[in-house]
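To keep things clear, I will list the structure first and then write my remarks on it.
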């Protein structure tokens, strides 16, 4: 963490580049991928437009941010294929968890240590109770049917799930049903193969400890943790950017409350970057170490 109360725009950019593994030190092994995710807390798979201030897994794989493929063009980029294989290994290993953010086709990856806080804000508070059909249900009948099959037979590929549901179910309809379940973190993608596509499982079965921890967290506690992790990830940022990011999960007013509570507790502070005053996680105080007295020569 930056230890003084002032830095230049270039120093901030360089600090982010180093933390996001864009300075020529690419992530190649599963161990390196896990370390990267734990360091940043969360990242996107590919860059987005409009840009979202987050690191990307493809950037960490490449080791630079020059000419990174967008999600729409990743299919013919060999770097994307290799990065995706490593990302899927991290999902299989439960070192990372995936969630929908703005674009469901652009994975939002969270480190295992961070995911319970995210679950607390987004996930179902009673995951053991299956979605039920009805006019007041937030889930479509197809989503409810898909969940029952995943609970009964999962992990199951999307292809196999469509076969069990019956031939009358369209691919787009199945995608919508899975999206409803994934949006509430009822299910999670646990594998991917070229032949079968995505493989889904019930999240509370795949990662029961993580779900249990998330259910046990209060919303203010979880939100404060995510505010701090986001600031640690981006080094320093305008308060509005923190709100813009977290407003994807919770109302903006709750984010403001969390930021102001952390400022009052002095867990967050401001750092001068050029002409701007940006939020940062308050650096730890450096202990005063007195200089040793020179010894007398007798």
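Order these peptides, 50-60, 98-108, by their mean beta-carbon neighbour count within 10 angstrom, highest first.
So the peptides 50-60, 98-108, ranked by packing, come out 50-60, 98-108.
Quick one: helix 78-92 against the long Cα principal axis of the chain, what's the angle to the nearest 10°, folded into 0 to 90?
Once rounded, the angle reads 80 degrees.
At a Förster radius of 51 Å, what calculated FRET efficiency corresponds to the Cβ-Cβ distance of residue 165 and residue 256, to the nearest 0.05? Numbers along the way, then the final one.
Values: r = 43 Å, r/R0 = 0.85.
About 0.75, to the nearest 0.05.
For the peptides 67-80, 116-129, what is the packing order when you average, over each peptide's residues, the other Cβ atoms within 10 Å and list the highest mean first?
Numbers: 67-80: 14.0, 116-129: 17.8.
So the order, starting with the most tightly packed, is 116-129, 67-80.
Grab the beta carbon distance between residue 48 and residue 136, set R0 = 35 Å, and tell me the FRET efficiency rounded to 0.05. Before the final figure, lay out each step's value.
Working: r = 34 Å, r/R0 = 0.98.
E between residue 48 and residue 136, to the nearest 0.05, is 0.55.
Between residue 105 and residue 70, how many nm apart are label points set 7 Å from Cα along the C-beta direction?
1.1 nm
Relative to the longest principal Cα axis of the chain, at what angle does helix 9-19 sit, 0 to 90 degrees, rounded to 10?
The angle comes out near 50 degrees.
For a quick protection proxy, order the peptides 153-163, 208-218 by their average other-Cβ count within 10 Å, most packed first. Before the final figure, lay out each step's value.
Numbers: 153-163: 17.6, 208-218: 15.5.
Highest to lowest by the protection proxy: 153-163, 208-218.
Pop the C-beta distance of residue 263 and residue 11 into the FRET formula with R0 = 30 Å and round what comes out to the nearest 0.05.
Details: r = 23 Å, r/R0 = 0.76.
Efficiency, from the Cβ-Cβ distance: 0.85.
Which residues among the stretch 157-188 fall inside the zone where the amide N is under 18 Å from a point 7 Å beyond the Cα of residue 196, along Cα→Cβ?
157-166, 175, 178, 187-188
Suppose we take every Cα in the stretch 72-187 and form the convex hull; what volume per residue is that in Å³?
Spelled out: Cα convex hull of the stretch 72-187, divided by residues, is 134 Å³.
Using Cα atoms only, what is the angle between the long axis of helix 30-40 and the major principal axis of the chain, expressed in degrees (0 to 90) to the nearest 10?
70 degrees
Can you pull the Rg over Rh of the stretch 124-217, Cα-only, Kirkwood?
In the stretch 124-217, Rg relative to Rh is 0.96.
Normalised by the number of residues in the chain, what is the relative contact order in percent for Cα pairs under 8 Å and 6+ residues apart?
It comes to 20 percent, rounded to a whole number.
Given all pairs of different Cα atoms, what value in angstroms does the Kirkwood hydrodynamic radius of the stretch 29-105 take?
12.7 Å
Read the figures in this text as sums done on the coordinates, not as results from a lab. Fair warning: this is a prediction, and the values are worked out from it, not measured in the lab. Every residue, glycine among them, receives a Cβ derived from its backbone with ideal geometry; neighbour counts consider all protein chains shown.
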